[in-house]
Amino acid sequence: MEILMGFFFILVIVSAVAVAELRDLLAAALALGACGFFVGILFFLMMAPDLAIVQLIVEIMMVVVLVIALARTHRKSSEPESAKTTLALGVIVACVFILFSVAVVPLMTEFGSPQYNPEVSQRYIDEGVENTGSQNLVTAVLLDYRAYDTLGEIVVLFASVLGMSLVLRKVSKRMAEGKECL
């Protein structure tokens with residue numbers, strides 16, 4: 001499992017570097033979507049399906065909005081930076097990542113172990129199915145023990161979809177009227 005997670009982590013890094021380096025804006029938007037997709041897979045592998053679903057939905061909507069926005073603009077991609085600038089930025093990012101990893105990885109708890117309140121976690125595991133009647137413990141926690149948190153996540157997703165649809169509707173009205181947008 002750790003090898004698979006490492007593989008997807010490398011894919012996240014590669015796609016993030018591709019976003020920074022690509023000069024074609026459409027290709028960069030697609031690479032950004034791939035980066036978010038791989039993060040969603042990592043959430044799923046870390047047994048956080050609710051975060052994985054939210055991540056994948058947000059990434060799909062973001063890529064659609066970026067592709068539509070890029071299709072409606074007449075801007076050209078900027079000129080590529082010099083090789084020295086790109087190399088310097090790459091070295092800085094790599095150094096920061098290595099320093100962060102060296103500082104944070106030893107502080108991480110073992111995968112699957114309760115870290116904040118082990119009594120509550122153990123109570124969920126021991127009594128969750130009986131208290132909620134759900135055969136799926138993740139569903140029991142999300143919909144019974146943490147229902148307000150789940151409701152908040154749903155409200156955020158709904159608000160983002162509503163906001164994007166309003167923005168795209170206004171942009172399409174401006175395009176129909178012949179006014180320049182973006």
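The values are calculated or read from the model by the stated rules, or taken from the named source; none is laboratory data. Just so it is clear, the model here is predicted, and its values are computed rather than measured. Here Cβ is always computed from backbone atoms with ideal geometry, including for glycine, and neighbour counts include all displayed protein chains.
Table for the structure above
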read-out	value
Check on Glu110, among the charged types (D, E, K, R), at pLDDT 75 or above and out of contact with any Ser or Thr (no Cβ under 6 Å at 6 or more places or on another chain)	no
Selection status of Leu32, within 30 Å of Val155 (Cβ to Cβ) and either assigned to a helix (DSSP H, G or I) or under 12 Å from the mean Cα position of the chain (by Cα) (or both)	yes
Among the residues listed as Val67, Val155, Val167, Val91, the single one being surrounded by 10 or more Cβ atoms within 10 Å (Cβ to Cβ), modelled with pLDDT of 75 or more and over 21 Å from the mean Cα position of the chain (by Cα)	Val91
Scan of the stretch 132-146 for residues that are in contact with a Gly (Cβ under 6 Å, 6 or more places away or on another chain) and surrounded by fewer than 17 Cβ atoms within 10 Å (Cβ to Cβ), ordered by number	Leu137
Pair list, Cβ under 9 Å, 6 or more apart: the stretch 91-109 residue over 16 Å from Phe9 (Cβ atoms), other residue surrounded by 10 or more Cβ atoms within 10 Å (Cβ to Cβ) and at pLDDT 70 or above	none
Residue ID - surrounded by the most Cβ atoms within 10 Å (Cβ to Cβ), chosen from residues in the stretch 40-52 that are in contact (Cβ under 8 Å) with a residue 12 or more places away in the chain and within 22 Å of Gly163 (Cβ to Cβ)	Gly40
Pairs with Cβ under 6 Å, 6+ apart, first in the stretch 145-164 and over 20 Å from Gly133 (Cβ atoms), second assigned to a helix (DSSP H, G or I)	Met164/Val65
